[in-house]
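**Student:** The following block contains the structure, expressed as structure tokens.
The values are calculated or read from the model by the stated rules, or taken from the named source; none is laboratory data. As the structure is a prediction and not an experimental result, all values here were calculated from the model. All Cβ positions, even for glycine, are placed from backbone atoms using ideal geometry, and neighbour counts span all protein chains on display.
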Amino acid sequence: MSMFLEYLRLEECDCIDDASPELLPKARSLTVQFCDNLTRLFIPTTTETHNISDWENLEKLLVACEGTHMTELYIRHCWKLKWLPEHMQKLLPSLNLLYMINCPEIDSFPQEGLRFILIRLWIRNCKKLVNGQTEWRL
């Protein structure tokens, strides 16, 4: 029998500089915020809801492998985040909610678009993304 935490929250963990999937316990809901030394984050395959917020230096969001069970992804106040993972539709096939607020450096969606079962897409104060989109490929 596999053991899961229902909820894991990492907050103000400046001593962490790597968040590889094997270093994080299995949790259905994962919140990581104010971890300023992290520049990248691998999303574990077992996480269903992922909250990322208030990272000064996060530049890259990565998915561990195809077939994650994530249904909700919240990205807030990640001032240096430049792009979402390429091949998101293959890596996050169950994603139905994508929420992005105050991520001013993201300038485009992945090249293949967001053609999965998104039910809700919320973008706020992501000026490069909104101003640079000529085709949304939803």
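**Student:** Taking into account only those residues within region 45-90 that are closer than 17 Å to Leu8 by Cβ and of a type in the set (Phe, Trp, Tyr), which is farthest from the chain's Cα centre (by Cα)?
**Tutor:** Trp55
**Student:** Any idea which of (1) more than 11 Å from the chain's Cα centre (by Cα); (2) at pLDDT below 80 is the one Phe42 doesn't satisfy?
**Tutor:** Answer for Phe42: the failing condition is (1).
**Student:** Hey, any hits in region 105-115 for a residue that's modelled with pLDDT of 80 or more and not in a loop (DSSP other than H, G, I, E, B)? Let's see the steps before the verdict.
**Tutor:** Step one: filter region 105-115 for residues modelled with pLDDT of 80 or more, giving 105-107.
So of that shortlist, the ones also not in a loop (DSSP other than H, G, I, E, B) come out as none.
Scanning region 105-115, I find no residue that is modelled with pLDDT of 80 or more and not in a loop (DSSP other than H, G, I, E, B), so the answer is no.
**Student:** Give all pairs with beta carbons closer than 6 Å in which a residue from region 122-133 that is on the phi < 0 side of the Ramachandran plot meets a residue that is modelled with pLDDT of 90 or more; count only pairs at least 6 apart in sequence or on separate chains.
**Tutor:** As it stands, the answer is Trp122/Tyr99; Ile123/Met100; Arg124/Ile101; Cys126/Met100; Cys126/Cys103; Lys127/Pro104, since those pairs meet every condition given.
**Student:** In addition: Where residues in region 66-89 are more than 18 Å from Thr31 (Cα to Cα) and in contact with a strand residue (DSSP E or B) (Cβ under 9 Å, 6 or more places away or on another chain), which of them is surrounded by the fewest Cβ atoms within 10 Å (Cβ to Cβ)?
**Tutor:** Step one: list which residues in region 66-89 are more than 18 Å from Thr31 (Cα to Cα), which gives 66-67, 80, 82-83, 85-89.
Imposing the further condition that a residue be in contact with a strand residue (DSSP E or B) (Cβ under 9 Å, 6 or more places away or on another chain) reduces the set to 80, 82-83, 85, 87-88.
Working: Lys80: 15, Lys82: 15, Trp83: 16, Pro85: 15, His87: 12, Met88: 21.
Taking the candidates together, the pick is His87.
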